[in-house]
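Working notes for the structure below.
A short reminder: the numbers here are calculations on the coordinates, not readings from a lab. All values derive from a computational prediction rather than experimental measurement. Counting neighbours? That spans all protein chains shown, and the Cβs are built from the backbone with ideal geometry, glycine included.
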Amino acid sequence: MKHAHHHHRERRARVVAEMRAQTGGGLAAVPTAPEAIRNADTHYPYRPDSHFYYLSGFPEADAVMVLVAGREAGESRQVLFCRDKSPERETWDGFRYGPDAAREIFGFDEAYSIAELAGKLAEWSCDQPALYTPLGLYAGWDHAITATLNEVRNRVRTGIAAPETVIDVRSAIAAMRLVKDAGELGLMRRAAEISSSAHRRAMARAEPNWYEYQVEAELAHEFLRFGAQAVAYPSIVASGPNACVLHYRENNRQMQAGDLLLIDAGCEFQGYASDITRTFPIGGAFNGAQKAIYELVLAAQLACIDAVAPGKPFHDYHKVAERVLAQGLIDLKLCEGSLDAVLESGAYKQFYMHRAGHWLGLDVHDVGLYRIDGESRTLEPGMVLTVEPGCYIRPADNVPEEFWDIGVRIEDDVLVTAHGHENLTAATPKSVAEVEALCAR
Ligand code: GLY
Ligand code: MN
Ligand code: MN
């Protein structure tokens, strides 16, 4: 049976195989995210849980996926619980699949009304060796799982045993999500392309006296017109001193000619994130100090990208960033001493205080372990990570005034390939010449 969602079915089968390997079978229950109220009776735009969505592709709230893994291959069932069809609710809130269509379209063996979840979950949990579910993710779900376990425990006198072991199913799913398949990479490429286009538009249009939110509007325009209806995280549009605030979100300062503008923005396309940062001069040209810092961060970023290849430890490229930035800061007399001394003392952290990047996927800070048994994870083809060194200089006694308030970050999304890497966001200008040419327009 092949249908549009066979890859989701195959992902679920891999979870079942993992459950068999770990505990000789069991029951997995994965809820999607609850809806969230913004104020009064208004909700935030709905976004499914990433683990749930990875395994199901199912977009509606009030849904739970259950996998029953028997001891033997072939003895397993993939089940979806979801909202019922409802002519009245659909008139107000829009289309719902309902269990029958959902089963067919999303490739489940069985589907039921979400109203049947509690009863069936208790029934199917009896005598299972383990229950695989996320705990500590959604308070409502924690409560539902505790209630289910207690209900099964109450049946002990009828000879039934509750699962002895509760395992966080997120570890198994996260390990799968870390290495992207061809379908996922197609979506990530598209997300990267759209975001790249948005950064080019912002660079070409931003001008002195604009407010930061006007630039944010240019980004949003480009995301939406290409069908990316959400941002992967709130866009950071940080001019002048705001560039030194790592998670700046106000986006309401009026920009002046001569400011640097740091934009960290990426769309989400069909669930997949992109994450790009560019920094450019408002008014068209970097001044001397800005250019010195920019060239330093760019050199670090290019060296970091070169350090991305299969077989290398994840943390290598962070060490590259530290070395290049520390040496540059010494050359600019912003740090004192030998390279080894500055790396050892961490003096460079006054200006570079974050990591060089993170996994990227359905979540902007995607799942997947960075270390295993204390050792840095080895990069493999299909992993996607960001490369984003930066330099942020707040006013301070030990810094010449010409450098004050300069904040620069350059961030690309990089795929680990069989032989090296591919920069998915390479279409976003970043050399001084390219950036100045686009800004001057
Ligand atoms: N935009 C979030 C980050 O760069 O990690
Ligand atoms: Mn970013
Ligand atoms: Mn990032």
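Give me the orientation-averaged projected area of the Cα convex hull of the stretch 12-78, in nm², one decimal.
Result: a mean projected hull area of 4.8 nm².
Report the Rg/Rh value for the stretch 258-361, based on alpha-carbon coordinates and the Kirkwood definition of Rh. Walk me through the numbers before you get to the answer.
Details: Rg = 15.6 Å, Rh = 15.4 Å.
Ratio of gyration radius to Kirkwood radius: 1.01.
Between the stretch 336-362 and the stretch 226-266, how far is it from one alpha carbon centroid to the other, in angstrom?
If we compute the Cα centre of each part, the gap is 23 Å.
Take the Cα gyration tensor of the stretch 383-438, multiply each eigenvalue by 5, square-root it, and list the three semi-axes largest first, rounded to whole angstrom.
30, 16, 7
What Rg and what Dmax come out for the stretch 66-224 when only alpha-carbon atoms are used, in angstroms?
22.9, 76
Any chance you could tell me what percent of the C-alpha pair distances in the chain go past 37 Å?
Values: 34436 of 97020 pairs.
It works out to 35 percent of all Cα pairs.
Where the Cα atoms of the stretch 198-289 are projected onto their three principal axes, how long is each span, largest first, in whole Å?
Principal extents (Cα only, largest first): 41, 24, 22 Å.
Over 17 Å apart: what share of the alpha carbon pairs of the stretch 1-49 falls there, rounded to a whole percent?
59 percent
Against the longest principal axis of the chain, how steep is helix 6-23, in degrees 0 to 90 to the nearest 10, with axes from Cα atoms?
70 degrees
What net charge is computed for the residues neighbouring Thr23, neighbours being all others with C-beta under 15 Å from the C-beta of Thr23, Lys and Arg scored +1, Asp and Glu -1?
Here the count lands on -4.
Debye sum, Cα scatterers, the stretch 152-221, no solvent: what log₁₀ I/I(0) at q = 0.14 1/Å?
-0.69
When the distances between all Cα atoms of the stretch 112-181 are binned every 5 Å from zero, what whole-number percent does each bin get?
For the stretch 112-181, the pair-distance distribution reads 3, 15, 22, 22, 17, 10, 6, 2, 1, 0.
Take the stretch 276-421, compute every pairwise Cα distance, and split them into 10 Å bins from 0; I just need the percent in each bin.
11, 39, 32, 16, 2
Compute the relative contact order of the chain as a whole-number percentage, counting only Cα pairs closer than 8 Å that sit 6 or more residues apart in sequence.
Answer for the chain is 13 percent.
May I ask which of Lys291/Lys349; Lys120/Lys180; Lys180/Lys430; Lys85/Lys180; Lys291/Lys333 have a Cα-Cα span longer than 24 Å here?
Lys120/Lys180; Lys180/Lys430; Lys85/Lys180
What does the net charge come to around Glu151 if you take all other residues with beta carbon closer than 13 Å to its beta carbon, with K and R at +1 and D and E at -1? Kindly include the intermediate steps, with their values, before the conclusion.
Details: positive: Lys120, Arg153, Arg155; negative: Glu123.
Once positives and negatives cancel, what remains is +2.
Angle, helix 288-306 long axis vs. longest principal axis of the chain, Cα atoms, 0 to 90°, nearest 10?
40 degrees
Please give me the summed charge of the neighbours of Val215: other residues whose Cβ is under 10 Å from its Cβ, Lys and Arg +1, Asp and Glu -1.
Once all neighbours under 10 Å are counted, the net charge is -2.
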